[in-house]
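The next block holds one structure in the form of structure tokens; read it before the comments.
The values are calculated or read from the model by the stated rules, or taken from the named source; none is laboratory data. The model shown is predicted, which means the values in this text are computed figures rather than measured ones. In this analysis, Cβ positions are derived from the backbone assuming ideal geometry, glycine residues included, and neighbour counts consider all displayed protein chains.
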Amino acid sequence: MSIATPVRSADSETSTLFNPAFCALLLNKACAAYEAKAGTAMPVTFAFLILPSALHKPTRDALPGTTAASMWSWLRSNPVILMDFASRVQAFRPFTGAAISYGLRRTALTSSPGSIAVGNLGRRPRTLRPTTDWTDCVKAAEFLGRWFGGSDSDEATTLAYWGVMP
């Protein structure tokens, strides 16, 4: 599988949110939450659901307040979120691929066949001033990691719930 290079945006906030380092951070946080809940590494396919959800403000805002909420019930109650989700996953594919590659190269992520796991993050630069949007993306990625980790559904069923084909 080839990974396309994402197109850079001139907008500062947009280029920050789609930066491979930031996206790798989101995947690191999602993997840590997934592993804490499921006890295993996160299937790599979930990364392709997590970034388009965590980086999409309407999806972030609609996420339930607790992972005890049924994913299937929530998805049925939020059809607008799913309306363009498959095309969003496709559009985010280069960013997700770049984030995984960056995270593996920088050891923010580790891998085994079919899965990715939490790696080591360096210290946050003192000059980094996270915005509210940045913080919300991190919280959403952690939530999604816990939610997927607590789901009893297999990968194929989860993808089908979200309206995405493998």
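Considering each of Gly39, Gly97 in turn, give the residue that is out of contact with any Leu (no Cβ under 7 Å at 6 or more places or on another chain) and surrounded by fewer than 14 Cβ atoms within 10 Å (Cβ to Cβ). Show your work before the answer.
Working: Gly97 fails: surrounded by fewer than 14 Cβ atoms within 10 Å (Cβ to Cβ).
It is Gly39.
Of the residues making up the range 53-72, those that are of a type outside the set (Ser, Thr, Tyr), surrounded by fewer than 24 Cβ atoms within 10 Å (Cβ to Cβ) and either at positive phi or outside any loop (DSSP other than H, G, I, E, B) (or both) are Lys57, Pro58, Arg60, Asp61, Ala62, Met71, Trp72.
Taken over the range 115-162, the criterion of being at pLDDT 95 or above, of a type outside the set (A, V, I, L, M, F, W, C) and in a loop (DSSP other than H, G, I, E, B) is satisfied by Gly119 alone. Considering the conditions (1) in a helix (DSSP H, G or I); (2) surrounded by 15 or more Cβ atoms within 10 Å (Cβ to Cβ); (3) modelled with pLDDT under 95, Leu104 is excluded by exactly one of them, (3).
Scanning the range 114-156 for residues that are of a type in the set (Gly, Ala, Ser) and over 18 Å from the mean Cα position of the chain (by Cα) gives a single hit, Gly122.
Matching residues to (1) small (Gly, Ala, Ser); (2) without any contact (Cβ under 8 Å) to a residue 24 or more places away in the chain:
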residue	(1), (2)
Phe95	no, no
Gly122	yes, yes
Phe148	no, no
Asp154	no, yes
Thr157	no, yes
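Of everything in the range 149-166, what is out of contact with any helix residue (DSSP H, G or I) (no Cβ under 7 Å at 6 or more places or on another chain), hydrophobic (A, V, I, L, M, F, W, C) and either closer than 13 Å to Trp72 by Cα or surrounded by 13 or more Cβ atoms within 10 Å (Cβ to Cβ) (or both)? Give them in sequence order. The one that is out of contact with any helix residue (DSSP H, G or I) (no Cβ under 7 Å at 6 or more places or on another chain), hydrophobic (A, V, I, L, M, F, W, C) and either closer than 13 Å to Trp72 by Cα or surrounded by 13 or more Cβ atoms within 10 Å (Cβ to Cβ) (or both): Ala160.
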